[in-house]
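What follows is a set of notes on a single structure, which appears directly below.
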Amino acid sequence: AFNIDGKNSKVEVKGDGKVQIDGDIHVLNGGKLELNLKNKDSYFHGEAHIGKQKYGGDPDDPDNPPNGQNLFDENRDGPDPDKANTKFNFTMTNGARWDATNTSKLNDFHISNGATVNFGNPKRNINISVENLKGDGGTFNMHGKIADFTSENKGQGIADKLIVRKSSEG
């Protein structure tokens, strides 16, 4: 849906009506995105990512590094887009929905008033990594294989993950 590339690239989605996005959103090389889904008729179905260059893997999981076909030629932000100028801030309120189809990485994520995130990839678990999480009354629908959370596995199982890299409140 969106590929925002370059320090002078800025996209703001602030619709009060229906905002319906089918497809992935990638922001890199100093690009900026402010995405606001404000009502129950608004949704995003896809992956959301800062600095991602490759189709496969998970930039937040050292055991599963990015691999596969290139999405972009390079990421000029360097190895850590969190320390660069790339920004992807996402706000969901009043029943808006995000159907996360793949591992995603954001800066600020605000979820409130009945908004829902559905972790939904039947082939593998999903990590959603956010720098700052805040909100009240939002829901995260996550999946896990409870039987794998055993003492033999030291409490580590196969499950979707919400990773907060810096702060959370709400």
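Quick note: the coordinates plus some simple rules give every number you see, no bench work behind them. Keep in mind the model is a prediction, meaning the values are calculated, not measured. Cβ coordinates were reconstructed from backbone atoms using ideal geometry, including for glycine residues, and neighbour counts include every protein chain displayed.
For this structure, a couple of remarks:
- Using a Förster distance of 41 Å, the FRET efficiency for ASN121-LYS7 (Cβ separation, nearest 0.05): 0.85
- For GLY31, the shell of other residues with beta-carbons less than 9 Å away shows a net charge of +3, using +1 for Lys and Arg and -1 for Asp and Glu.
- Length available on full extension from ASP136 to ARG165: 0.36 nm per residue minus the Cα-Cα distance, which gives 8.6 nm.
- A simple rule links phi to the HN-Hα coupling: the Karplus curve 6.51 cos²θ - 1.76 cosθ + 1.60 with θ = phi - 60°, which for the stretch 9-23 gives 9, 9, 10, 10, 10, 10, x, 8, x, 6, 10, 10, 10, 10, x Hz, with x for Gly and Pro.
- Checking the cross-link pairs LYS32/LYS166; LYS7/LYS40; LYS87/LYS145 against a 25 Å limit on the alpha carbon distance flags LYS7/LYS40; LYS87/LYS145 as lying beyond it.
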